[in-house]
1. Looking at this structure, is Ser134 assigned to a helix (DSSP H, G or I), of a type in the set (Ser, Thr, Tyr) and modelled with pLDDT of 95 or more?
2. Report, by residue number, each residue of region 118-131 that is assigned to a strand (DSSP E or B) and farther than 30 Å from Ala198 by Cα.
3. Within the set of pairs 6+ apart or on separate chains, which have a first residue in region 175-189 that is free of Cβ contacts under 8 Å to residues at least 24 places away in the same chain, a second that is loosely packed, with under 15 Cβ neighbours inside 10 Å, and C-beta atoms under 9 Å apart?
4. Got at least one residue in region 106-114 being surrounded by 15 or more Cβ atoms within 10 Å (Cβ to Cβ), assigned by TED's automatic domain parsing to the domain that holds Gly75, hydroxyl-bearing (Ser, Thr, Tyr) and out of contact with any Leu (no Cβ under 8 Å at 6 or more places or on another chain)?
5. Restricting to region 30-67, count the residues that are of a type in the set (S, T, N, Q) and within 18 Å of the chain's Cα centre (by Cα).
6. Could we say that Ala86 is without any contact (Cβ under 8 Å) to a residue 24 or more places away in the chain, surrounded by fewer than 23 Cβ atoms within 10 Å (Cβ to Cβ) and either closer than 27 Å to Gln289 by Cβ or in contact with a strand residue (DSSP E or B) (Cβ under 9 Å, 6 or more places away or on another chain) (or both) here?
7. With the requirement that a residue be of a type in the set (D, E, K, R) and free of Cβ contacts under 8 Å to residues at least 40 places away in the same chain, what does region 113-145 give you?
8. Here are some residues: Ala56, Ala78, Ala43. Which one is at pLDDT 75 or above, more than 14 Å from Ala276 (Cα to Cα), of a type in the set (Gly, Ala, Ser) and in contact with a strand residue (DSSP E or B) (Cβ under 8 Å, 6 or more places away or on another chain)?
Amino acid sequence: MITRRRAIARLSVAAGGAAMLASPHVLAQGFPDRPLRLITPYAAGGSADGLARGVAEQMRKILGQSVLVDNKPGGNTAVGAQLTAAAAPDGYTLLICTGSTVVTNPLLYPKLSYNPERDLAPVARVAVSPLVVSVNRALPVQTFADLIRLAKAQPGKLNYASTGTGSVLHLASLFLEAQAGLDMTHIPFNGSSPALAAVMGGEVQLFIDSIASSLPQIKGGKLRALAVTTPDRLQVLPDIPTVAESGFPGFDVSAWYGIMAPAKTPPDIIARLNAAIGKGLVDKAFREQFEALGLVIPAPTSPQAYGDYIRQERDKWGPIIKAKKITLE
């Protein structure tokens, strides 16, 4: 005969076993057991889409499950971010994003459909897109120092291009203005291609652009590269100095890509994803493929370190956006 005390004890053991089965650690042991979905908030065929597919392939090889790239462009990456935020927090839906998605969008848009701090969890940073300061070849400057002297001598007369108000390229130019004490005129364009055409045609004198976009024009002699915005010189432009070594120590501005998961995804599953992505980042063929395009593949770091990096980026751009009173609808 089962006493009341024994019955309660058995129920407690059963409940404890169910709790163990539902715990993140136990769940992570069998993860993943079906294909994953990697949302990219960009159109198919671009550099971000190419990187997403490269990361997805590395994850497939390491995790043993297909990783399906799902293009969801729109809203300056907000569409894809919102879909990820609303997905089940089980590790099977991920987002590849840039700093716009998790850093500047919340600072620029008064009404945003998601809150990255509340709705998304950092998994891993996967690539850095360095920027290069280039000028029209007819501009009478040969070095970055020449450019600074010219801009200071002609306040408000030097025009610089961007890919739109509030874009990382616009903010990079504002950061340079603040660091160097310059007064230049902003000319926004709808994308890098028309901005590059305007600089090469002499309509605009200066453009801080991604290496991946400007490299062919630099190599072809259509633009004069003066400096790169990373802390170290780049393999693809070894003779071009950094802004930091050109008189502005500590200057470090880049676009970047990272992987996010829905908030409340179990930490063990995030750790599993982070380890797989990190293993993929050190693959020689993967690194060579994307570094040849002008990207820098960073050393693997923890989700916590990636989260710290995002917060540092918010601290960098927040004061500039606030000081310039930049808002977007």
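The values are calculated or read from the model by the stated rules, or taken from the named source; none is laboratory data. Everything quoted here is computed from the prediction, not taken from an experiment. Ideal geometry is used to build each Cβ from the backbone, glycine not excepted, and the neighbour counts take in all protein chains shown.
1. no
2. Initially, region 118-131 is screened for residues assigned to a strand (DSSP E or B), giving 120-131.
Correct list: Leu120, Ala121, Pro122, Val123, Ala124, Arg125, Val126.
3. Glu177/Asp183
4. First, pick out the residues of region 106-114 that are surrounded by 15 or more Cβ atoms within 10 Å (Cβ to Cβ): 106-109, 112-114.
If we keep only those that are assigned by TED's automatic domain parsing to the domain that holds Gly75 too, we end up with 106-109, 112-114.
Add one more test, that the residue is hydroxyl-bearing (Ser, Thr, Tyr), and what stays is 109, 113-114.
Subsequent filtering for residues that are out of contact with any Leu (no Cβ under 8 Å at 6 or more places or on another chain) retains 113.
For region 106-114, residues surrounded by 15 or more Cβ atoms within 10 Å (Cβ to Cβ), assigned by TED's automatic domain parsing to the domain that holds Gly75, hydroxyl-bearing (Ser, Thr, Tyr) and out of contact with any Leu (no Cβ under 8 Å at 6 or more places or on another chain): present.
5. 2
6. Working: without any contact (Cβ under 8 Å) to a residue 24 or more places away in the chain: no; surrounded by fewer than 23 Cβ atoms within 10 Å (Cβ to Cβ): yes; either closer than 27 Å to Gln289 by Cβ or in contact with a strand residue (DSSP E or B) (Cβ under 9 Å, 6 or more places away or on another chain) (or both): yes.
Spelling it out, it is not the case that Ala86 is without any contact (Cβ under 8 Å) to a residue 24 or more places away in the chain, surrounded by fewer than 23 Cβ atoms within 10 Å (Cβ to Cβ) and either closer than 27 Å to Gln289 by Cβ or in contact with a strand residue (DSSP E or B) (Cβ under 9 Å, 6 or more places away or on another chain) (or both).
7. From region 113-145, those of a type in the set (D, E, K, R) are 117-119, 125, 137; that's our starting set.
Once the filter is applied, which keeps residues that are of a type in the set (D, E, K, R) and free of Cβ contacts under 8 Å to residues at least 40 places away in the same chain, region 113-145 yields only Glu117.
8. Going through Ala56, Ala78, Ala43 in turn, just one is at pLDDT 75 or above, more than 14 Å from Ala276 (Cα to Cα), of a type in the set (Gly, Ala, Ser) and in contact with a strand residue (DSSP E or B) (Cβ under 8 Å, 6 or more places away or on another chain): Ala43.
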